[in-house]
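Trainee: One structure coming up, written as structure tokens, with questions to follow.
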Amino acid sequence: MAGLATTLGSGAMTNTIGEVSDSACIMAIGTSTTEAHPIIGYQVKKAVRRGAKLIVANPQEVPLVRFADLFLQIRPGSDVALLMGMARVIVEEGLHNQQYIEERTENFEAFKESLSEFSLDFVSDITGVPEEKIVEAARMYAQNSPASLLYCMGITQHSHGTDNVLALSNLALITGNLGNISGGVNPLRGQNNVQGACDMGSLPNVYTGYQKVEDEGARQKFEGSWKIELNPKPGLTHTEIFDAAYRNDVKALYLVGENPVLTEANASHSIEAMEKLEFFVVQDIFLNETAQKADVVLPAASFAEKNGTFVNTERRVQRVRKVIEPVGEAKPDWWIISAIANEMGAEGFAYNSAADIFREISAVTPSYAGITYERLEHGGIQWPCPAEDHPGTPVLHTEKFNTPSGKGKLMPLSYRPSEDCCDFDFPLILTTERSLYQFHSTMTRYSEGLDELSGGEHIKINPADAERMGIADGDLVKVKSRRGELEVKARITRRSQPGVAALSFHFAECPTNLLTSSALDPVAKTPETKVCAISIEKA
Amino acid sequence: MSELITLTIDGVEIKAEKGTSILRAALENGIYIPHLCDHQDLTSVGICRVCLVEIEGRRPTVSCMTPVEEGMVVTTSSEELDMTRKVNMELLILHHDYDCQNCAKNSYCKLQELTRYVGIDEERISAMRAPALDFPIDDSNPYYQRDMNKCVLCGICVRTCEEIQGDECIDFAFRGIETRISVLGDKPIIDSTCVTCGECVSRCPVGALVPQKAIEPTYEVETVCPFCGCGCNILVGARGGKLVSSTAVEDSPVSGGSLCVKGRYGLSFVNSPERLTTPLIRRDGELVEASWEEAISLISEKLGQYKGDQFATIASAKCTVEDNYVLQKFTRAVMGTNNIDHCARL
Ligand code: SF4
Ligand code: SF4
Ligand code: SF4
Ligand code: SF4
């Protein structure tokens, strides 16, 4: 979420789920909200019933399209062009919010200049969306206030994902849609506690609450609290860790609750990297495909077997409560790590409960300073919550942004094509998506019934492409990319546009990410799992 | 806060917000008016006609469709009202497949509650009793069952699907005694656009829509759904060390009392026999069971040799805030590196 941090000073959802139903306009880009975030999907549909305008921009004809006033079926990887094109229309037609721009933003002139590249015919050419629809979308978004932008993996999983997010924040800033109720720029987080993991500094460059490891003041504070000298050099990202393991620079890996054999872009490379490790510990609730490669596997307690907190996509810290005793000898993750730290003779890991740990978190994290387990008994609290008498913050940036100047920064952008381009041998674009019934690999596969509802994995191909390639619905096909190949059944559907095919990445039987590219976004270092050139033939 | 209106129900003076129906105003003030087709989350339609009341100076009327007015005087029970209500109820029950002992809704059923209140005359019913309905049970969905022989045609499921889920999978179909709730083309529910959110199942007042294999929990605990970033609040029921149910927390600020298929029906992974239950250590190429003592001493001895940037941690967005805090503190303070990330990017 590096993008939003640059322009607004925070990378979380700016507004609250409950506000979505009161928006006058919602633009859902790169999210199949009804499938990936069903409860937010209900809110969007409620808003539509109350008369809100809905714009859906997506390479796939997702179910939400049925409720949309306007559907922009963009080519994968063309989001920046679309959003900047819309911004240009808004500025040219004078639909921008001049007063807001003057009072609350900076860099408007430079931004405006960068719009010159995005003429309607250029944007239409890149996105595949007719010019009049781009104009209509721009007007719809600018003229119906408050307008909320919702986005998800579809936007961040590109080699230029950071630009996509900047383009969204530009659009919201020029129309005055930040800091208002039911507006905002709203990243919908995938997994239950992505927000909490980020907040806690499970990231290579920050401690808790986004305090930078490079910042001397922050580091000294943590050195004081933890009573030990800390490494000032930012660490490696997820993908870089596997690259480093591949090069033997990282030799020991401790992996918790993930299954990169399935989820890592360019999975065959990651698998080789894991095999090169000298010592590999996996802590999980199942012996998944990745755990099978470990030297030591530790049984973790599931969410229902421990106390703690999760933070949802709207920054709401909520209590997780133990329902049953852990199965067998499984233990909460924090207990296991603390036991190892204690065995290694480290100080500061004598925790007796999750509550002990949370007290320490509040003490070192300003945005959590006012949150306590006692308060959470009465319901969740949205951070920032700097003091015990502070009610929490449903809407961010109501008065100023968390940037050095306090203003929202407009960012000039230019269009960069996706790294993995189609050619004669790989004529189609593969995009990955999520199914309602499946959830990022393992958990749902062990829940009876969900597999049955999802009907297994298919590659979704447009009827025109299928006919040209002589493929019928249900045929087994071989899908090849520059990095790997796999076999899967074909589903012929107009959900995919011509030239684009879609797979989800949930099934061990069909590891989609063997195919996808690990070209990195230069800033956020997000692997490009959303755009990948492929060929399809009958198996 | 909108305008408050004062009215009298059964001699009790109450206040209610303008626009509220008499039925909801009464219920909010602890006055019971029998009702079947009304639901607090949905628009009122007045089709069951069980909530009849008398308003001074007017003919008996359905209280769910009548907004409160200043100075209104309402009576909820009189000989005439009770009689009409009884007749309305009898019509509902006439063809009902009355088999409470074998019904999943037994003792939570709205119809049972109503028959008790109204005092249905068993003899009269059996004298006029028509044959029970005999529609096939639709158990095509892995999580819930549809038994239209128990349906009272309140339409709550239809409105739920439309107003909450925002879909229109089901609707009233056919006429007369054949009237039932059906999927377009009278197909099994699994072949419809139903996304198995279970919202209609949780609102059906009778045994017509019930979860498959419902097991009664011995206790429930409020926690948070472990699947997506919405973070819906759920009440998880357990029995004998297993999770057996999950329902929405009614006044949740996140979900407003709704859930999706995963939060409602997807928690059985916790009970899976394939869960890891002991530490495993690789010996001669095989992962074999080990004790915690062995595992922890092996790990701490090994990790002691890899301090610094040759070590890395992949944390998890599925684990709690506390788990993540301890993990990054361990990586930074004990292992001396900032090589920690999780898959937020995915
Ligand atoms: S629906 Fe209610 S009244 Fe009918 S059989 Fe079931 S419990 Fe009895
Ligand atoms: S389960 Fe949900 S989608 Fe299916 S019929 Fe009921 S309300 Fe509609
Ligand atoms: S199935 Fe249940 S909710 Fe639907 S109409 Fe029948 S009784 Fe009412
Ligand atoms: S119930 Fe559904 S929408 Fe709510 S948190 Fe769980 S998975 Fe997400």
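The values are calculated or read from the model by the stated rules, or taken from the named source; none is laboratory data. Worth saying up front: this structure is predicted, and the values here are computed from it rather than measured. Please note: Cβ atoms are built from the backbone with ideal geometry, for glycine as well, and neighbour counts cover all protein chains shown. The protein model used for the area step is the full one, side chains on, heavy atoms only, and it has no ligands, DNA or RNA in it. Shrake-Rupley method; radii C 1.70, N 1.55, O 1.52, S 1.80 Å.
Trainee: Write out the trypsin sites (Lys or Arg not before Pro) in the range A:217-259 meeting two conditions: DSSP loop, and at most 16 other Cβ atoms within 10 Å of their Cβ.
Mentor: A:K227, A:R247
Trainee: Would you mind giving the average projected area, over all directions, of the Cα convex hull of chain B in nm² with one decimal? Before the final figure, lay out each step's value.
Mentor: On the way: hull surface 102.1 nm².
For the Cα atoms of chain B, the hull's average projected area reads 25.5 nm².
Trainee: Let me ask something else about it. Which FRET efficiency value, to the nearest 0.05, do you get for A:S353 and A:K221 by plugging their Cβ-Cβ distance into 1/(1 + (r/R0)^6) with R0 = 30 Å?
Mentor: 0.75
Trainee: A further question follows. I want to check the label-to-label distance for A:E485 and A:E377. Put each point 7 Å from Cα in the C-beta direction and report it in nm to one decimal.
Mentor: My value for the distance between the label points is 6.3 nm.
Trainee: Right, another one. When the Kirkwood radius is taken over all Cα pairs of the range B:217-275, what Stokes-Einstein diffusion coefficient follows at 20 °C and 1.002 mPa s, in µm²/s?
Mentor: Numbers: Rh = 11.6 Å.
It comes out at roughly 185 µm²/s.
Trainee: Would you mind giving the mean number of other chain beta-carbons within 10 Å of the Cβ of each residue in A:238-245, as a whole number?
Mentor: 4
Trainee: Students often get this wrong: which residues of the range B:59-79 have the backbone nitrogen under 13 Å from the point 7 angstrom along Cα-to-C-beta of B:E28?
Mentor: Residues B:67-69 fall inside that zone.
Trainee: Leaving ligands, DNA and RNA out of it, report the carbon-plus-sulfur percent of the accessible area of the range B:218-316 at a 1.4 Å probe.
Mentor: 47 percent
Trainee: Can you give me the three principal axis dimensions of the range A:1-152 from its C-alpha atoms, in Å, biggest first?
Mentor: 39, 34, 29
Trainee: Here is a further query. At 1.4 Å probe size, with the rest of the protein present, what percent of the exposed accessible area of the range A:3-123 is carbon and sulfur atoms?
Mentor: Carbon and sulfur together cover 44 percent of it.
Trainee: Now for a different question. Express the relative contact order of the range B:4-127 as a whole percentage, based on alpha carbon pairs under 8 Å and six or more residues apart in sequence. Before the final figure, lay out each step's value.
Mentor: On the way: 165 pairs, mean separation 31.2, N = 124.
Relative contact order, the range B:4-127: 25 percent.
Trainee: For B:E216, put the label point 7 Å out on the Cα→Cβ axis and report which residues of the range B:238-269 keep their amide N under 19 Å from it.
Mentor: Only B:238-247 pass the distance filter.
Trainee: Calculate the FRET efficiency for B:Y98 and B:R58 from the Cβ-Cβ distance with a Förster distance of 41 Å, rounded to the nearest 0.05.
Mentor: The pair B:Y98/B:R58 has a calculated efficiency of 0.70.
Trainee: Under 11 Å from a point placed 7 Å out from the Cα of B:E70 along the Cα-to-Cβ direction: which residues of the range B:15-50 have their backbone N that close?
Mentor: It comes to no residues whatsoever.
Trainee: Looking at the range A:180-286, which GluC sites (Glu not before Pro) are in a loop (DSSP not H, G, I, E or B) and have at most 13 other Cβ atoms within 10 Å? Could you put the intermediate results ahead of the total?
Mentor: Working: sites: A:E214, A:E216, A:E223, A:E229, A:E240, A:E258, A:E264, A:E272, A:E275, A:E278; in loops: A:E214, A:E229, A:E258, A:E264, A:E278.
Filter output for the range A:180-286: A:E214, A:E229.
Trainee: Quick one: Debye curve from the C-alpha atoms of the protein assembly as shown, no solvent, what's log10 I(q)/I(0) at q = 0.10 Å⁻¹?
Mentor: These q points yield log10 I(q)/I(0) values of -1.17.
Trainee: Also: Just from its helices, what would the mean residue ellipticity at 222 nm be for the protein assembly as shown, if runs of 4 or more DSSP H residues each count -39500 (n - 2.57) and the sum is divided by every residue, rounded to the nearest 500 deg cm²/dmol?
Mentor: After summing the helix terms and dividing by residue count, I get -7500 deg cm²/dmol.
Trainee: Same structure again: Taking 0.36 nm per residue of sequence separation and subtracting the Cα-Cα distance, how much length would be gained by fully extending the chain between B:D41 and B:K187, in nm to one decimal?
Mentor: 49.8 nm
Trainee: Express the accessible area of the protein assembly as shown per residue in Å², computed with a 1.4 Å probe while the remaining protein chains stay in the model. The partial results should precede the final answer.
Mentor: Details: 33010 Å² over 885 residues.
Per-residue accessible area for the protein assembly as shown comes out at 37 Å².
Trainee: Sticking with this structure for a sec: With a 10 Å radius around each residue's Cβ, average the other Cβ atoms per peptide and rank A:34-43, A:178-187, highest first.
Mentor: So the order, starting with the most tightly packed, is A:34-43, A:178-187.
Trainee: Let me ask something else about it. Would you tell me the mean number of C-beta atoms belonging to other protein chains that fall within 10 Å of each C-beta in A:56-67, as a whole number? Don't skip to the end; give the middle numbers.
Mentor: Numbers: counts 0, 0, 0, 0, 0, 0, 0, 4, 1, 0, 3, 2.
Counting Cβ atoms of other protein chains within 10 Å of each residue's Cβ and averaging gives 1.
Trainee: How large are Rg and Dmax for the range A:249-358 when only the alpha carbon atoms are used, in Å?
Mentor: In order Rg, Dmax, the Cα atoms of the range A:249-358 give 15.7, 42 Å.
Trainee: Now for a different question. Which longest uninterrupted range of chain B lacks any chymotrypsin sites (Phe, Trp or Tyr not before Pro) assigned by DSSP to a loop state (not H, G, I, E or B) and surrounded by at most 14 other Cβ atoms within 10 Å?
Mentor: B:175-346
Trainee: Over all directions, how big on average is the projection of the convex hull of the alpha-carbon atoms in the range B:209-346, in square nanometres?
Mentor: On the way: hull surface 47.9 nm².
Mean projected area for the range B:209-346: 12.0 nm², to one decimal.
Trainee: Separate question: In a shell of Cβ-Cβ distance under 12 Å around B:E163, excluding B:E163 itself, what net charge do Lys and Arg (+1) and Asp and Glu (-1) give?
Mentor: Around B:E163, the surrounding residues sum to +1.
Trainee: Return the FRET efficiency for the residue pair B:K242, A:A472: r is the Cβ-Cβ distance, R0 is 51 Å, and the value is rounded to the nearest 0.05.
Mentor: My answer for the efficiency is 0.70.
Trainee: Here's a follow-up. Buried accessible area between A and B (1.4 Å probe, both chains summed, ligands and nucleic acids excluded), in Å² to the nearest 100?
Mentor: Chains A and B together bury approximately 10800 Å².
Trainee: Could you tell me how far the Cα centroid of the range B:7-67 sits from the Cα centroid of the range B:83-120, in Å?
Mentor: A separation of 21 Å, based on Cα centres.
Trainee: If you don't mind, another one. Can you pull the mean other chain C-beta count within 10 Å for peptide A:38-48?
Mentor: 6
Trainee: Once the piece of chain linking A:E109 and A:D389 is laid out straight, how much longer is it, given 0.36 nm per residue of separation minus the C-alpha distance between them?
Mentor: Values: separation 280, 0.36 × 280 = 100.80 nm, distance 4.16 nm.
Gain on stretching A:E109 to A:D389: 96.6 nm.
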